[in-house]
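A.B. asks: This structure is in structure tokens; I'll ask about it shortly.
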Amino acid sequence: MKEFIKYTFATITGILISGIIFLFLLTIFLAAILSSSGSEVSVKENSVMVLKLDGSLKERTEENPIREFLYDETPSIGLEDILTAIRRAAANDKIQGIYIQAENAGAPFASIQEIRSALLEFKETGKFIVSYSDAYPQSLYYLCTVADDILLNPRGSVEWRGLSANTTFYKELLEKIGIEMQIFKVGDYKSAVEPFTSTRMSPENREQLTAYTTSIWNQVLQEVALARHIPADTLNHLANRLILFGKAEENIQAGLTDQLIYKDDVRNYLKEKMGIPAGSKLNLVAAGDLASAKPVVPTGKSPDKIALYYAYGEIDGITTSPREEGINSDKVVRDLRKLREDKNVKAVVLRINSPGGSAFGSEQIWKAVEELKKSKPVVVSMGDYAASGGYYIACNADHIVAQPATLTGSIGIYGLFPNAEKLLDKIGIQTESVKTNPGADVGNFTRPLTTFEKERFQQSVNDGYDLFLTRCAEGRGMTKDEMEQVAQGRVWTGSMAKELGLVDELGGIRKAIAVAASRAGVEHYTLQSYPDKKDFISSLLESSTTDYLYTPLKSTSLDRIYQALQTVESFTITDPLQTRLPFEITLH
């Protein structure tokens, strides 16, 4: 028995050591692969750039091969990389056109408009764009209407049906498990708390949802009508009769697509379009490779820089455990201070894609922007969202540029405290406290707030809203009364916000950069993105076990419930005052 135990222990030890060595070598191998990125990309004559749209679209992406390997996860697409690739393809004489493979990219409409604008600029060079899909998702069809030829599988479809905005309510779930949400808010349209307090939309929330979905749909109708030469009324009729369930031929007859073709035949189609013999090879270059290639540094590169600073995700504030993703207010403040002190940086474009978050964190970033613009122009470029706290950190910029479909505004504030007293009682847990003062344990989720505590907290919410209004009014050159008329927590699209004076101009990142350069008085400059992307090893070391355990859950129906409960839990560890959009806005 002793020998058996000895050999068993030795075997287990050997396996563990071998596993550690294997992981170490794998890490080195992956690091070597990743370190080779950014190398030169060979582009041959008569090439076509392939823009494959599949996976979730994010502002910026950092590769994580381990997650993709473990969970067979479709990698996220980086908007920054897509725009870079399109710009480089336009400037490269060897690239004759772009081939879009429209598969299934989850992208809000403002990001689609950003890419669509870049593709329209690409077409101004005289080069072609061809798109193909087995079945066009609605947002990607909108994007692909910039193409000269829209190709569809003979058994495919175009998802053309109009827009809907869906909200999930958790009130009855929370009641069943014994959690009461104690709500404090200012703003009739501040609907972020509704999922926890109601089973249906309030009239105010229904009003704003109807307004901005209609606004975005009208934008889509007008641009598709212009691109496809189909009257907007006809497009609405096609959506009403659910052409997505029709035969593929119906899309040709309606003018939505140009040709039915199988995917394997697309290469021959491209060859014919380019005048390349059928037996010859078609030279393709991936958009990702083009974006990651080392840029050609021009001779006499200007020392003057325009800084493009990305701030995306939820805003952290007072917390002992900052989110792995999102806007860490402390880091943003430090970064903006460095940009302020960098004499070579002549202007800053603050790229915001955020639904908001902590009121405290938003105020800290507001202050950093206020200090930054004392020494150089600050121009905001709004992405899919720049709402609530996202608008808070944008409102005092020198100039604000938004996409027509950007969701912005939501100038309001709320707070909530979960009371799990009934839940603890159900599962047989009792708690007891010893206090030196009546409110020493205020916010303890094991008991409800007292009347006095509720009054004090509501006053804090009121004060926070008053400060938010003040910041926005001063930043936009309005009186507080004027700002109050467009505040109240209401969400607006970028096109609506421009009419109301909340933004200055409609456009994308390139427009914001041009405005910044003009305000700084610089004609020749180097564009530099901040903050620096993390390399793979850094991301791996900073990732938590929870991050990898949660990944398989994302593709299940439990994801929404998990997100909602995570939102509730976050109030116990972070700033209880929130300037945030409804925690989930999904347009289909």
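A.B. asks: Give me Rg over Rh for the range 153-212, both radii from the alpha carbons and Rh done the Kirkwood way, two decimal places. Don't skip to the answer; put the middle values down first.
C.D. replies: On the way: Rg = 16.8 Å, Rh = 14.0 Å.
Over the Cα atoms of the range 153-212, Rg/Rh equals 1.19.
A.B. asks: So, one more: Inverting the mean 1/r over all pairs of different Cα atoms, compute the Kirkwood radius of the range 439-517 and quote it in Å. Show your work: numbers first, answer last.
C.D. replies: Numbers: mean 1/r = 0.0636 Å⁻¹.
The answer is 15.7 Å.
A.B. asks: Counting Lys +1, Arg +1, Asp -1, Glu -1, what net charge surrounds Asn104 among other residues with beta carbon under 10 Å of its beta carbon? All intermediate terms of the calculation are to be shown ahead of the outcome.
C.D. replies: Working: positive: none; negative: Asp54, Glu103, Asp134.
Combined, the nearby Lys, Arg, Asp and Glu give -3.
A.B. asks: Counting only protein heavy atoms and a 1.4 Å probe, tell me what percentage of the range 175-276's accessible area is made up of carbon and sulfur. Don't skip to the answer; put the middle values down first.
C.D. replies: Numbers: 2610 of 5370 Å².
About 48 percent, which is the carbon plus sulfur part of the accessible surface.
A.B. asks: Cα atoms only: what Rg and Dmax, in Å, come out for the range 75-190?
C.D. replies: 20.4, 65
A.B. asks: Evaluate the range 165-248: find the radius of gyration of its Cα atoms, find its Kirkwood radius, and give the ratio Rg to Rh. Walk me through the numbers on the way to the answer.
C.D. replies: Working: Rg = 18.9 Å, Rh = 16.0 Å.
Over the Cα atoms of the range 165-248, Rg/Rh equals 1.18.
A.B. asks: With a probe of 1.4 Å, find how much accessible area the range 194-319 has per residue, and write the answer as a whole number in Å².
C.D. replies: Values: 6820 Å² over 126 residues.
Accessible area per residue, the range 194-319: 54 Å².
A.B. asks: By accessible area of protein heavy atoms, probe 1.4 Å, what ranking do Phe468, Phe245 get, highest first? Could you put the intermediate results ahead of the total?
C.D. replies: Values: Phe468 0, Phe245 160 Å².
Largest accessible area first, the residues go Phe245, Phe468.
A.B. asks: Mind putting together the pair-distance distribution for the range 321-362? All Cα pairs, 5 Å bins, whole percent per bin, short to long.
C.D. replies: 5, 18, 27, 24, 15, 9, 3
A.B. asks: Using a probe of 1.4 angstrom, how much of the accessible area of the range 334-425 is carbon and sulfur, in percent? Numbers along the way, then the final one.
C.D. replies: Values: 1150 of 2440 Å².
The computed percentage sits at 47.
A.B. asks: Normalized C-alpha radius of gyration of the range 387-431, against 2.2 N^0.38 Å? Walk me through the numbers on the way to the answer.
C.D. replies: On the way: Rg = 20.0 Å, N = 45, 2.2 N^0.38 = 9.3 Å.
The range 387-431 yields a ratio of 2.14.
A.B. asks: What translational diffusion coefficient, in µm²/s and rounded to a whole number, does the Stokes-Einstein relation yield for the range 471-524 at 4 °C and a viscosity of 1.567 mPa s, taking the hydrodynamic radius as the Kirkwood radius over Cα pairs?
C.D. replies: Details: Rh = 12.8 Å.
Once the numbers are plugged in, D ends up at 101 µm²/s.
A.B. asks: If you roll a 1.4 angstrom probe over the protein chains with everything in place, what fraction of the accessible area of the range 434-474 belongs to carbon and sulfur, to the nearest %? All intermediate terms of the calculation are to be shown ahead of the outcome.
C.D. replies: On the way: 1380 of 2490 Å².
Using a 1.4 Å probe with all protein chains present, the range 434-474 comes out at 55 percent carbon and sulfur.
A.B. asks: Using the alpha carbons of the range 414-455, what is the convex hull volume per residue in cubic angstrom, as a whole number?
C.D. replies: Each residue corresponds to 67 Å³ of Cα convex hull volume.
A.B. asks: Tally Lys and Arg at +1 and Asp and Glu at -1 over the other residues with C-beta under 13 Å from the C-beta of Arg206: what net charge comes out? Present the calculation step by step, with values, prior to reporting the outcome.
C.D. replies: Numbers: positive: Arg200, Arg490; negative: Asp188, Glu194, Glu204, Glu207.
Taking every Cβ under 13 Å from that of Arg206, the sum is -2.
A.B. asks: I've got another one for you. Using only protein heavy atoms and a 1.4 Å probe, report how much of Leu527 is accessible, in Å² to the nearest 10.
C.D. replies: 60
A.B. asks: Separate question: Once the principal axes of the Cα atoms of the range 369-501 are found, what is the range along each, listed largest first in whole angstroms?
C.D. replies: Computed over the range 369-501, the largest-to-smallest principal extents equal 56, 29, 28 Å.
A.B. asks: So for the range 214-306, what are the equivalent ellipsoid semi-axes in whole Å, largest first, each being the square root of 5 times an eigenvalue of the Cα gyration tensor?
C.D. replies: Value: 37, 26, 11 Å, ordered largest first.
A.B. asks: Could you report the range 450-519's accessible area per residue, 1.4 Å probe, as an integer in Å²? Spell out each step's value before the answer.
C.D. replies: On the way: 3370 Å² over 70 residues.
With the other protein chains kept in place, the range 450-519 gives 48 Å² per residue.
The values are calculated or read from the model by the stated rules, or taken from the named source; none is laboratory data. Note that the structure is a prediction, hence the values are computed from the model and not measured. Using ideal geometry, Cβ is built from the backbone for each residue, glycine included, and neighbour counts are taken over all protein chains shown. Side chains are part of the model used for accessible areas, which takes the heavy atoms of the whole protein and leaves out ligands, DNA and RNA. Shrake-Rupley method; radii C 1.70, N 1.55, O 1.52, S 1.80 Å.
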